[in-house]
There are 2 protein chains.
Amino acid sequence: MWTASCVRLCSVLTALGTSTRVHWLPSVRGISAAQIDEEVAKLLELKARLGGDDGKHQFGTRDYNPKQMAIREKVFNTIVSCFKRHGAETIDTPVFELKVGLPSFSSGTEAVASRPSNTEETLTGKYGEDSKLIYDLKDQGGELLSLRYDLTVPFARYLAMNKITNIKRYHIAKVYRRDNPAMTRGRYREFYQCDFDIAGQYDAMIPDAECLKIVYEILSELELGDFCIKVNDRRILDGMFAVCGVPDDKFRTICSTVDKLDKMPWEEVKREMVNEKGLSEEAADQIGEYVSMKGETSTPDAGGSSQRGETEASDAHTAQNPVGGMDLAEKLLQDPKMCQSKQACAGLSDIKLLFSYLQLFQVTDKVVFDLSLARGLDYYTGVIYEAVLSQAGVAPAANEAPNGTSAEESVSVGSVAGGGRYDGLVGMFDPKGRKVPCVGVSIGIERIFSIMEQKAAASAERVRTTEVQVMVASAQKNLLEEKLRLISELWNAGIKAEVMYKKNPKLLSQLQHCEESGIPLVAILGEQELKDGVVKLRVVATREEVDISRADLISEIKKRTSEA
Amino acid sequence: MWTASCVRLCSVLTALGTSTRVHWLPSVRGISAAQIDEEVAKLLELKARLGGDDGKHQFGTRDYNPKQMAIREKVFNTIVSCFKRHGAETIDTPVFELKVGLPSFSSGTEAVASRPSNTEETLTGKYGEDSKLIYDLKDQGGELLSLRYDLTVPFARYLAMNKITNIKRYHIAKVYRRDNPAMTRGRYREFYQCDFDIAGQYDAMIPDAECLKIVYEILSELELGDFCIKVNDRRILDGMFAVCGVPDDKFRTICSTVDKLDKMPWEEVKREMVNEKGLSEEAADQIGEYVSMKGETSTPDAGGSSQRGETEASDAHTAQNPVGGMDLAEKLLQDPKMCQSKQACAGLSDIKLLFSYLQLFQVTDKVVFDLSLARGLDYYTGVIYEAVLSQAGVAPAANEAPNGTSAEESVSVGSVAGGGRYDGLVGMFDPKGRKVPCVGVSIGIERIFSIMEQKAAASAERVRTTEVQVMVASAQKNLLEEKLRLISELWNAGIKAEVMYKKNPKLLSQLQHCEESGIPLVAILGEQELKDGVVKLRVVATREEVDISRADLISEIKKRTSEA
């Protein structure tokens, strides 16, 4: 019923609005004021039910008000300048792509479900849900189109269409999921993804290390509190499963169980492996020993791993030993069982190499080699990583998790970045099967927005929504022309300036506007100032006033407002 | 057939791509390499037919490559910093809004068609076409949604929902039209709009003058060549029609004929008025006299106006007299016929006031008071304006015209900005009918992109797609670790730096990379430099090399790469 009324209203809104920049008023005149009042009343009722002015829409999207936009701009600037510092280019792709012919592939789960396995039920259950996550455009004749679900499809298509074998690109854009919006938890159907990827055939672990350096720089600069970057390698996981006696056809399903270790204690995970997945008690215990190893943990112990759930929060702190990761990798290379797996050895040597580079980048204090990290295993071919904030407090924005997984697969509640190496994908699109190895990271930007917004709300200082440096004001009446002449000079000199759109505003209201919108300076004109060829420059914070000659005004304002 | 193959391919692309950041590889494994090869072959064939690597898609959208993105970023920076200089905030709204219940209103034309008038046929002809321009989302259960058609609907809805009575906001975002893509002419189904609007009850013409100042600043800074901003007022047009004896019910249709004066000579326009619209010969001639008046034109003359078509190009130059507009307004206020219309007088006095403010802003050299400008008349309530580039040369991007009108209504081929005052709209959404007067301008950003891209293509200098300041290179082998240590120092100091992802790249290939991507400096490490605690800093352009001590390197790089 809300929808109905809102649809009708929006039809009117659109009717009027669309015509606003188009030619015909009749469309507007075609609607009676009474009709509009009625529809508006419905909208306001609807709005009330939706919970007021937070700009959230019942259909899982939201408006961003100027304050939110200011925070977003700040976050984007930090992230983009980091990407640019590392020499990345950017591309853009359309918001819709040709429609998915086989929705079964939209999330891959159906393919999983179609595999004969004891997990079929769970996954088919998921499948029905996930295929609904894609927004299709209505067939209005012509092509069948869908809104993009992530930024990786377009990236893959772009590389394939243009035969690009080398690129370091970032892409920040909105993606769409017909997910159940949980707006209170920061989950929306329209949300930003923020991807950085390095494609190209290079020497081992150098780009991988740079991706981790980038995560470290961004999370540090955004001051989100202490964090921890977990690192693992899918080859190590596969090798580990092999030496622990997990049957090949169970690798994937056992892995998704391991993946739950950051949500449930070892006992439950083991129970699932043995009772649900039919793994042997012994295999499970061996896995338990390995996955409990991380950072500088010296000896695996089931007891320790059983407390994993509780000790989770302290991950970031257990990683202070800068060579912990390398030690563990070395230790595992000596491990009589592990070293039986060529795959595992390859992965472990690369982990050692990676950590040696990370030491040069001086980021090892936050990086933990964690054998329980299994994210993206089914897709990634090498190193995988995920950044987690140590402090809780922020509601999980599940569908905005770094890898864009939806609530169900959200890897870690505090996860704010993640990625890894995927060498196989692009090659599959090349007619000659030429491979383009890729490693990338996705920043959980929406989660970060929520945190920044909460911090802003908590902090005393006002978030400015404009960058105005000076307000051109007058003490007496009939000075509008003088003010306009002055502000034009300021604008032409590149100064951000405002003047009230009133002929004779009260000085008080002009000063109040400065207080409210955080404008630091006021340039006050009065008869006397005009006679003396000066401007009274007032510092809003201190109320100090000083006469500046017109000739010096611009340099004085620049001096006083330069961030340097 | 292209579509078919492309749909199938993209289903595969999406299948694989979507799973890249989600958990399941099986979706990838579910497709045989052969299948993919086949589909890829089809894509490449399709791509060939579509004309290669320009990133244009058959379905009316396109990818933006790094070079195009670099140009876009430059244009956006210029425009946004102008908006910020004038104290604007920004908002964002979802890409889709609740679906239009009454597509008849989507463009307003049906309402026009429904008016009993001898133009019905023409307009109903249009109607069928225009209602198709809105992209609907498929009804997948839940709300009926459509992709936004412009940014004004969302703005109006936003003000209404949040009871905002004062805001100066800009909004740059993509909008969607199921228009016939004419990509060669720069017309796409997905394109940017770039709107700046001032909402609030203020004293006459002050915000209006600022909008014109903004257009002047932006077009000047973008160096698009000479331009002309035509100004008129719908009250003057209505008054003029009244005093010329146009029946009230013919105002609108006669106006749309006047609107054609920049496309066809007066004779044809008059013929349409008289033969098609049934206006009297006398009324038409009187209109002819008035609409031929602009800038400092001293005496209306039918002969002159008949050559209007040919003299069009010189508009910008016929506007050199800074008070031409004011003179004409004054002259018309004295005009015995015109002064009979209260409306016209009000409009003319405001034009005088506007020009007095424009003189203070020193922009009158490009502003022409042109009685033939009729754009947006049906919607606007006061001042209207449109900026036109004097030099032709760029293919018209019709559906990206400033006001987002589609090809059919494109006002002027060279139009790059336009807008006006619309005091009636927002009030229609308020339950109590409270008015929020608005004046705004829309920059024809896609047109400007095309021009900038053409200029870039024509000019010798390379468009840089990264901002890298220095390449960390080595002359000898086995210096990767030293290079990584150095580049980490540079990154931490905020320097934009790159290093090759190779253990032992050739110095030549490192220097070539700098040449190709326009990196100005190379920091070269060698055994000797390491011994001496220096870095050899090479200027790529001049090949000059100088040893800099490690301690001074960062400041030296900053000094040499500062734009100041």
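Can you spot a residue in the stretch A:517-535 that is open to solvent by less than 80 Å² (accessible area, probe 1.4 Å) and touching a Pro at 6+ places or on another chain (Cβ under 9 Å)?
So far as the stretch A:517-535 goes, no, none of its residues is open to solvent by less than 80 Å² (accessible area, probe 1.4 Å) and touching a Pro at 6+ places or on another chain (Cβ under 9 Å).
Only a single item in (1) modelled with pLDDT of 95 or more; (2) surrounded by fewer than 22 Cβ atoms within 10 Å (Cβ to Cβ) is not met by A:CYS211, and it is number (2).
Just to be sure before I move on: is B:SER488 at the interface with chain A (Cβ under 10 Å from one of its Cβ atoms), touching a helix residue (DSSP H, G or I) at 6+ places or on another chain (Cβ under 9 Å) and either closer than 14 Å to B:LEU525 by Cβ or crowded, with 16+ Cβ neighbours inside 10 Å (or both) in the structure I sent?
The answer is yes for B:SER488.
Scanning the stretch A:281-294 for residues that are open to solvent by 50 Å² or more (accessible area, probe 1.4 Å) and in contact (Cβ under 8 Å) with a residue 12 or more places away in the chain, we see that the one that is nearest to the chain's Cα centre (by Cα) is A:GLU289.
Scanning the stretch B:515-534 for residues that are under 16 Å from B:VAL468 (Cα atoms) and free of Cβ contacts under 8 Å to residues at least 12 places away in the same chain turns up just one, B:GLU516. Which of the residues that make up the stretch A:536-557 are open to solvent by 30 Å² or more (accessible area, probe 1.4 Å) and either over 44 Å from the mean Cα position of the chain (by Cα) or small (Gly, Ala, Ser) (or both)? Matches in the stretch A:536-557: A:LYS536, A:ALA541, A:GLU545, A:VAL546, A:ASP547, A:SER549, A:ARG550, A:ALA551, A:ASP552, A:SER555. Criterion applied to A:PHE191, A:PHE196 was being within 12 Å of the chain's Cα centre (by Cα) and closer than 24 Å to A:THR381 by Cβ, and the one residue passing it is A:PHE196.
Among the residues making up the stretch B:144-166, those that are at pLDDT 80 or above and hydrophobic (A, V, I, L, M, F, W, C) are B:LEU145, B:LEU147, B:LEU151, B:PHE155, B:ALA156, B:LEU159, B:ALA160, B:MET161, B:ILE164. Residues in the stretch B:358-377 that are buried (at least 24 other Cβ atoms within 10 Å of the Cβ) and not small (Gly, Ala, Ser): B:LEU358, B:THR364, B:VAL367, B:VAL368, B:PHE369, B:ASP370, B:LEU371, B:LEU373, B:ARG375, B:LEU377. In the stretch A:425-450, the residues that are without any contact (Cβ under 8 Å) to a residue 24 or more places away in the chain form Cβ pairs under 6 Å with partners that are open to solvent by 10 Å² or more (accessible area, probe 1.4 Å) and among the hydrophobic types (A, V, I, L, M, F, W, C), at six or more places apart or across chains, as follows: A:PRO431/B:ALA41. If you go through the stretch B:463-479 and keep only what is within 13 Å of another protein chain (Cβ to nearest Cβ) and open to solvent by less than 10 Å² (accessible area, probe 1.4 Å), you end up with B:VAL468, B:VAL470, B:MET471, B:VAL472, B:LEU479. Of the numbered criteria (1) open to solvent by less than 10 Å² (accessible area, probe 1.4 Å); (2) modelled with pLDDT of 95 or more; (3) of a type outside the set (D, E, K, R), the one B:GLY419 fails is (2). Would you please list the contacts, defined by Cβ atoms under 9 Å and residues six or more apart or on different chains, that run from a residue in the stretch A:535-549 that is within 21 Å of A:GLU516 (Cα to Cα) to a residue that is of a type in the set (A, V, I, L, M) and loosely packed, with under 13 Cβ neighbours inside 10 Å? Every condition considered, the pairs that remain are A:LYS536/A:VAL546; A:LEU537/A:VAL546; A:ARG538/A:VAL546; A:VAL539/A:VAL546.
For the structure I just gave you, tell me whether B:ARG538 is more than 11 Å from every other protein chain (Cβ to nearest Cβ), among the basic types (Lys, Arg) and assigned to a helix (DSSP H, G or I).
No; evaluated as a whole, the condition is false for this residue.
Restricting the first member to the stretch A:150-179 and to residues that are facing chain B (nearest Cβ under 7 Å), and the second to residues that are aromatic (Phe, Trp, Tyr), the beta-carbon pairs closer than 6 Å and six or more apart or on different chains are A:ALA160/A:PHE429; A:LYS174/A:TYR192; A:ARG178/A:TYR135. Within the stretch B:236-251, the set of residues being in a helix (DSSP H, G or I) and either acidic (Asp, Glu) or crowded, with 23+ Cβ neighbours inside 10 Å (or both) comprises B:ILE236, B:LEU237, B:ASP238, B:GLY239, B:MET240, B:PHE241, B:ASP248, B:ASP249.
The values are calculated or read from the model by the stated rules, or taken from the named source; none is laboratory data. Since we're looking at a predicted model, the values are computed, not measured. Please note: Cβ atoms are built from the backbone with ideal geometry, for glycine as well, and neighbour counts cover all protein chains shown. SASA here: full protein model, heavy atoms, side chains in, ligands and nucleic acids out. Shrake-Rupley method; radii C 1.70, N 1.55, O 1.52, S 1.80 Å.
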